[in-house]
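The values are calculated or read from the model by the stated rules, or taken from the named source; none is laboratory data. The model shown is predicted, which means the values in this text are computed figures rather than measured ones. A quick note on method: Cβ atoms are made from the backbone with ideal geometry, for glycine too, and the neighbour counts reach across all protein chains shown. Just so you know, the surface numbers come from the protein's heavy atoms only, side chains and all, with ligands and any DNA or RNA stripped out. Shrake-Rupley method; radii C 1.70, N 1.55, O 1.52, S 1.80 Å.
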Amino acid sequence: MAEDKTSSNQMWGGRFASGPAAIMEEINASIGFDKKLYAQDIRGSLAHAEMLAKQGIISAEDLKQITEGLNSIRAEIENGKFEFSRKLEDIHMNVEARLADQIGLAAKRLHTARSRNDQVALDFRLWVKEELVKVDAALTALISVFLARAEEHADTVMPGFTHLQTAQPVTFGHHCMAYVEMFGRDRSRVRDCIERMDESPIGAAALAGTPYPIDRHMTAKALGFREPTRNSIDTVSDRDFALEFLSLASICATHLSRLAEEIVIWSTPQFNFVRLSDSFSTGSSIMPQKKNPDAAELVRAKTGRINGSLIALLTVMKGLPLAYSKDMQEDKEQVFDAAESLELSLAAMAGMIGDMTINTASMRKAAGSGFSTATDLADWLVRELGLPFRDAHHVTGAAVAAAEKKGVDLAGLTLDELKAIHPEINDGVYAVLTVDASVASRKSYGGTAPDQVRFQIAEWKKRV
């Protein structure tokens, strides 16, 4: 009885109508995303060919043909004339096949003393290193924007919050400098990552090295790495550099998300601390009065994508035996997506912070709300009257209760009302109950006093 092909292929369905071969091609091919690595792949092949020729492994004529062919292929790709083939699986085989079409036998000598295992490790490492340099520049730009806003508003008072409740007066400049510190740590993580990953994997071959007399230090130098990797098994199985990139991206995205949340809150009519420009806002399709902080909200949302990429790759790598496994093909899309999201978020945030309007009047009004100078009263009681802090805390609590009952702030209580709470209080207390006096008094290193803020700005300008 003849086989019913329609029936036998029905289980594959739709796009897999041709059966298991179609499924294997679909799951195995990576060219749809790893073509992004074409520049790194060609750069690595050029350096490898130079080394092979110098070591006498291939001829000078082979090198000439390979170099010309690879440069031609790069031009084809950049001009949109290169035809990528899924049947050739990945960027390495696509380039190699095209090179063979162009120069014939010499192309087959290019793969001497290397494997796709160390080749992809090189391409990916080069791409991540270049991306880290871009992130470093983007973070530096964002830090510079914050430094400019901090300098502009070193004296602008605003409420400082804990639990999103008014705590003590601070300056907006000081608040900006908090983000300078956060993004400064992000930048240091980027630089640490570059330092750790600055090793060339090419020459490790499949997993055991190669019997050919290659010079790995030559290729490392040519490709801008500090040195070659030291263990061939670890070299082809290592994706720590990708995990570390995703880790630092996740931490940075978390900082961006916290900042985005503050912008969303601050731009509400209830706070009215800032007003975003039209460039980073949208209107409502039904409510004409609305101005929505969509850019900030989207930055906040990107954190989920970036965090998800980190968890995805951690999960891919967690059970892999040494050395290389095909599972590792799943590493690139996560990194590519996270890198794009992070770059976009950093650029958007630098734009938002740079051109948003600061409503200093609203900030000043809010700075004195919620009895924000209560701690200043307690400190005055300790400093001027010699009360133990716990006793001063109790007296201040009673003063807050009296002011709350009267419907005034602490400065609105009369001297007699304050003396009724503690008889030794004198009229000198009123000098510390203003928000300006409060912030000016916080002169400890790293405090919110304007002079301290300006000092930290000056120090950060040297570092930037």
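Axis angle, to the nearest 10 degrees, between helix 91-103 and the longest C-alpha principal axis of the chain: 40 degrees. The mean sequence separation of alpha-carbon pairs under 8 Å and at least six residues apart, normalised by the residue count of the stretch 300-425, gives a relative contact order of 17 percent.
Here the stretch 198-237 and the stretch 325-380 have alpha carbon centers that stand 41 Å from each other. Summarising the label geometry, the points placed 7 Å from Cα in the beta-carbon direction at A301 and A402 lie 5.3 nm from one another. Checked against a 24 Å cut-off, the cross-linked pairs K134/K326; K87/K326; K365/K405 give Cα-Cα distances beyond that limit for K134/K326.
With contacts taken as Cα pairs under 8 Å at a separation of at least 6 residues, the stretch 13-147 carries a relative contact order of 32 percent. Quotient of the Cα radius of gyration of the chain and 2.2 N^0.38 Å, N being its number of residues: 1.37. What is the helix-to-structure angle for 172-197, meaning the angle in degrees between its Cα long axis and the longest Cα principal axis of the chain, kept from 0 to 90 and rounded to the nearest 10? For 172-197 against the chain, the angle is about 20 degrees. Computed over the Cα atoms of the stretch 354-432, the ratio of the radius of gyration to the Kirkwood radius (Rg/Rh) comes to 1.08.
In this simple spin-label approximation, A22 and A178 carry label points 7 Å from Cα along the Cα→Cβ vector, and these lie 5.7 nm apart. Helix 374-385 and the longest principal axis of the Cα set of the chain meet at an angle near 60°.
For the chain, the solvent-accessible area of protein heavy atoms averages 48 Å² per residue (probe radius 1.4 Å; ligands and nucleic acids excluded).
The modelled label-to-label distance for the pair S85/D391, using points 7 Å beyond Cα in the direction of Cβ, is 9.1 nm. Between A141 and T357, the contour length at 0.36 nm per residue exceeds the Cα-Cα span by 75.9 nm. Across the chain, the mean sequence separation of Cα contacts (distance under 8 Å, 6 or more residues apart), normalised by length, yields a relative contact order of 16 percent.
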